[in-house]
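A short worksheet on the structure shown next.
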Amino acid sequence: MQARERVSQHRIAYGDEVIAFSLRRQPSRTVTRVAIHVEPDARVLVDAPDTAPLVDVMTAVKKRARWISRHVEAARARLAHVLPREYVSGESLHYLGRRYRLKVVIDAGARAEARLRGAFITVTTPEQAAAPIKMALDAWYRQRAREVFADRLTAIAAPLRWVKQLPPTRLQFMTVQWGSCSPSGRITLNPLLVKAPRECIDYVLLHELCHLLHHNHSPKFYRTLDRHMPNWRAVKEKLDNMAEEVFRA
């Protein structure tokens, strides 16, 4: 039986600021160093070896406090201007990096469903209500994601020598993650990622496939990522910069 991931909450002082972070310890993964991540929603996550003393983790976080503070501030600034969706005609939607307009068509005898038609993502719904429109869009994005991800996963995995067969995958709507890879090798992908450009989708798929070889964010992991996508940092930045729009509910 695999040991379960343990998550604890901590904070440090940085000048007049308090930096709160979640510390994740994953015994089933070989995490060799303290790795710090600032998520698109401004949360701070820290991965650390299961055996690392807490005092060493805190020291590592304090050393990166300036970097953390700067990235948290940037994430909050991006989120500040994002307004919740009203699910009405004219709203902006994304698919594969392109911008579309939402068109709501009311048909009392129809079931709620979404379709891509020219420059519009058209939702036919029996009533003008946010819930069924959102449900129809979520179903449409999930179906599109299933098709796009399957196609790109096959292409990205083809040259990777350590991938003997495609790993099991599942789709799950998440509020802050693009994807994840379990210790057993199952890849979970966020259907909302299909809103992003194909190169961003390819980056996330490659990232998770690299975890099949290196179950951590060690230097070996990043060297593997560099070898197969030398420009991944620029692609990741592009994806992070559109995160607030992609995750917008």
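List of remarks:
- Neighbours by Cβ (under 7 Å, 6+ apart or cross-chain): first from the stretch 227-240, under 9 Å from Tyr203 (Cα atoms); second surrounded by 13 or more Cβ atoms within 10 Å (Cβ to Cβ) and among the charged types (D, E, K, R): Val235/Glu199
- Put simply, of Thr59, Thr125 the only residue that is among the polar types (S, T, N, Q), closer than 30 Å to Asp16 by Cβ and out of contact with any Cys (no Cβ under 7 Å at 6 or more places or on another chain) is Thr59.
- Every residue from the stretch 170-190 that is of a type outside the set (A, V, I, L, M), without any contact (Cβ under 8 Å) to a residue 40 or more places away in the chain, in contact with a helix residue (DSSP H, G or I) (Cβ under 7 Å, 6 or more places away or on another chain) and over 12 Å from His211 (Cα atoms): Phe173
- Of all residues in the stretch 10-33, those satisfying the criterion of being outside any strand (DSSP E or B) and either at pLDDT 90 or above or surrounded by fewer than 20 Cβ atoms within 10 Å (Cβ to Cβ) (or both) are Gly15, Asp16, Pro27, Ser28, Thr30, Thr32, Arg33.
- Residue tally, condition in contact with a strand residue (DSSP E or B) (Cβ under 7 Å, 6 or more places away or on another chain) and closer than 24 Å to Arg248 by Cβ, over the stretch 167-186: 5
- Selection count where residues are in contact with a helix residue (DSSP H, G or I) (Cβ under 8 Å, 6 or more places away or on another chain) and at pLDDT below 90, scope the stretch 34-57: 7
- Among (1) closer than 24 Å to Pro191 by Cα; (2) buried (at least 17 other Cβ atoms within 10 Å of the Cβ); (3) at pLDDT 90 or above - the single one Arg78 does not satisfy: (3)
- For the stretch 109-137, the set of residues classified as of a type outside the set (A, V, I, L, M) and touching a Leu at 6+ places or on another chain (Cβ under 9 Å) consists of Phe120, Thr122, listed by residue number.
- Residue within the stretch 92-105 that is touching a residue at least 24 places away in the same chain (Cβ under 8 Å), more than 24 Å from the chain's Cα centre (by Cα) and at negative phi present: yes
The values are calculated or read from the model by the stated rules, or taken from the named source; none is laboratory data. All figures in this text were calculated on a predicted structure; none of them were measured in a lab. A quick note on method: Cβ atoms are made from the backbone with ideal geometry, for glycine too, and the neighbour counts reach across all protein chains shown.
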